[in-house]
Amino acid sequence: MDSFVFIPVIALCCYTFLLLSFLAAKKNKLINSFLLFLSAMILWTGGSLCMRMQLWPTLNFWYDVSMLGLTLMPIAFFIFIVEFIGLKDRFFKLFYLVIIAFVNIINITTGFFLSAPQALTAPDGKASFVYSISWPMTILFAVCAAITFHSLYLLFKYSKTNEMAKKQFTPIVRGVFILVIGHLALFVPLFKGFPTDILSGVCFAFFLFYALYQRRLFKLTLLVSRGSCYAIAAGLSLLLFSNFIGLFQSFIDNNLANFQDHSMLIIAVFFTMATFLIYQGMKKFIDKVFIKDEILQAENLKEFSLTVSKSLNVNEILKALVDVIQKTIAVDKIYICIRNEKNDSFVMAHSTSALDKKMVCIRKDNPIVSLLSNNAGCLLMKDFKRNVAYKSMWEDEKKQFSDLKIECFVSLKDASELVGIVLLSGKDKHSSFTDNDTNFLGYVDSIGSIAVSNSRLYEKAYLEARTDELTGLLNRKYFYETIQYEYENNRGQSLALIILNIDDFKLYNQLYGTKEGDIALQKISRIIQASVGSNGYVSRYSGKEFAIILPFYDLLEAKNLAEIIRLQISDMNIRVAEYSFKKLTLSGGICSIPYAASSVKELIDNADRAIYHVKRNGKNAIMTYSERDQNHVAGNVTTDTLGQKENVYSDYETTIYALTAAIDTKDHYTFDHSNNVAYYAVELAYAYGMNKETANNIRESALLHDVGKIGIPEHIFNKPGPLTAKEYEIMKGHVENSIGIIRHLPSLDYVIPAVIGHHERYDGQGYPRRISKEDIPVSARILCIADAFDAMISVRSYKKPYSVRHSLEIINDEAGLQFDPILAHVFIDAVNNGLIKVQIAG
């Protein structure tokens, strides 16, 4: 054994080096378990070495230390495996520790399992050690073997459920195999006297070290510090000093007699120089073998981090990401696929070459997406192929990766959401990806993910600041920026502007509610955007107006496009029965530079004038602005608009009276009834606090509310008894008939909400839309009370008139049911106070 004494010495130095290095590293449970294992190896190897050298204090002491380390090794290995795979198994840890402690206490006090060896000295002066082996030794062996097999079982069980972890476990399995072979070799005559067990123990420790390094739990640049190298150099120098001090002294005495008095100083200087040279040699060796690549990677990562921190542009970040990977790992091709927000698939956004085909697409149901979503960092293709998920891929998906020669995938995440996938082809010279490569790609993933996340937030904020929230089109502010930009950058070229205004959109909201109005705006915006495509810019110019900027379009081309859009909008609700009361139409104005304007302001103003001209001439049309239009429109704007609202009703007054007169020939009641309802409704509006303009609107609504009865058969009008269900349905149709007639009087369509709602009930049981409470326009709620009151106090073919008192009692009883409770009591009070005079029909 003495001829191989350097082996346990070297093993002890290696264990001590690892222990000192990891003591300086950042601690966690896994690192602590490895430190425990190293401590056990040091106790075993150091105790055995000191025992064989028969150092102070006694042979038995060092034997007990060696046995403690040997029995601690299985439990230390078990704890290491439990922490390595992330299990929480405190019971077996404590259980095995108690057993090992119990075994050592018994063996130290009694030597029951294996007593200390006897030291025998041969005639040549060499010492040998004789062990007395008995059956209790099998108990000790069984305990250690059981703990070791339990550790291997946990390792095997975990690898079955997590195929991606097999690669990480491989070094551990190999280390166990070498450790077993090293101990079995002790029984082979060929290796008699050679410490194969100690040598295999060193190999096993470094395999565990390598497994930790694969898990990226530390950096070699942090472990192999200057202090670590000094400690190793000092240890090796001490070993040299202890073994060669006698030779140095003899050499000085025999060859340097003049320096005998200074021999200790010479030896000290030599010892210092040896320590320095060993330190330098070890530092260069470690830098060259281990740390050089890590230093290069750290510098590249620092440069990459600095670059992406200065940019919020996604393309710049992706370019920097490609550059840092190519510079550090030197792969042939890199493809970066970014998630498409519309369908969640990942489409190619950047690559190493602009000539690479841009058709790379990874569907959201591809197994690689799920794997990368659940596991950060990178995934090698060879590991992916061993996964069950790979077998579930479609053949075209496998072929895509095969054609691109993909060998590695790297995830890009925004928090826990996968936003991008980096695909790497093979490395130069067909070399494989190393653990250093995967570690580096993991850091790139972390830095790149943060940068991409920040850029996505910026682009989202940038987009939201320039788009309309409801429609997704450009907003008004960005519309002005865009049209000015196009004008400045395309001087001398045609620039057309279309402004589209939705006709009577306020009325549409009153009829169907603002929610349906918002849906209509979204539908219209999609139609316009689809029609324009990439030929121009579409913006929401105001609440119900859209503006289309068309670079290089002339007036004729712009008008053709606007007509296509108008016709699509007109047909939008053509098959939906619920929207029969009010169809959506567009009025559009078109102008262009340089044909009809010379500046952006003039372009917008002229398009607005063209819209106004369309509105005055019946709506639902497209008009281009020209010099002729300018003279026609601009000269009449002020004159035509003065008093226009006051004259609207008078323009159609004769038509309305003609219609009511026609009804009078069928039903004498309707004509007087409409006038009476108009009176009651106007007075109720004033009593409720409404202004003159609103009261006039209500009067006009009252005069027109029953105009649709012209389409009801006469025998139903004058039926003396109650109507049948079928007849009642026909009678209810007079509301829709009224709307159909009023729609042909465009300037009076503001009365539609009151006309269509005067048979709605406050409790939602009316018709035709069965709306309730405040969803019913206030003008319709007023008309409902006035209409019912006049009907109750009037003679009808099917009933006698009610008294005013009884009629007011009915209105009071129906307050909150048929009638608005507030308006009902205002009406009752106004009648009782004489503010409203009862009109007795003739």
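The values are calculated or read from the model by the stated rules, or taken from the named source; none is laboratory data. Since the model is a prediction, treat every value here as computed from it, not as a measurement. Reconstructed Cβ throughout: ideal geometry from the backbone, glycine too, with neighbour counts over all protein chains shown. Heads up: the accessible areas ignore ligands, DNA and RNA and are worked out on the full protein's heavy atoms, side chains in. Shrake-Rupley method; radii C 1.70, N 1.55, O 1.52, S 1.80 Å.
Observations on the structure shown:
- Heavy-atom SASA rank of 388, 322 (probe 1.4 Å, accessible area, largest first): 388, 322
- Neighbour-limited loop hits for chymotrypsin sites (Phe, Trp or Tyr not before Pro), the stretch 69-164 (at most 16 other Cβ within 10 Å; DSSP other than H, G, I, E, B): 112, 131
- Remark: accessible surface ordering of 62, 135, 44, 56 (largest first) is 56, 135, 62, 44, probe radius 1.4 Å.
- Alpha-carbon radius of gyration plus Dmax, which is the widest Cα pair, for the stretch 296-434 in Å: 14.7, 42
- Contact order relative to length of the stretch 343-439, as percent, for alpha carbon pairs under 8 angstrom and 6 or more apart: 23 percent
- Over the stretch 728-842, the hull volume per residue, using the convex hull of the C-alpha atoms, is 126 Å³.
- Note that the stretch 314-462 presents 49 Å² accessible area per residue, ligands and nucleic acids not counted, probe 1.4 Å.
- Sequence of 673, 150, 262 when ordered by accessible area, the most exposed leading, probe 1.4 angstrom: 262, 150, 673
- Residue list for the stretch 53-72, given a label point 7 angstrom along the Cα-to-Cβ vector of residue 119 and an amide N cut-off under 14 Å: 53-64
- Dimensionless Rg/Rh of the stretch 2-219 - Kirkwood Rh, Rg from C-alpha atoms: 0.97
- Summing charges over neighbours of residue 824, with a neighbour being any other residue whose Cβ is under 14 Å away from its Cβ, gives -4 when K and R count +1 and D and E count -1.
- The base-10 log of I(q)/I(0) for the stretch 468-639, evaluated at q = 0.08, 0.09, 0.18 Å⁻¹, reads -0.23, -0.29, -1.13 [Debye formula, identical scatterers on Cα atoms, solvent excluded].
- What the stretch 2-219 shows is 53 Å² of accessible area per residue, with the surface traced by a 1.4 Å probe over protein heavy atoms.
- Overall form of the stretch 1-109 per C-alpha gyration tensor (a/c, 1.5; a/b vs b/c): oblate
- Share of carbon and sulfur in the accessible heavy-atom surface of the stretch 703-842 [1.4 Å probe, %]: 54 percent
- Projection of the Cα convex hull of the stretch 451-546, averaged over all directions and equal to a quarter of that hull's surface, yields 7.8 nm².
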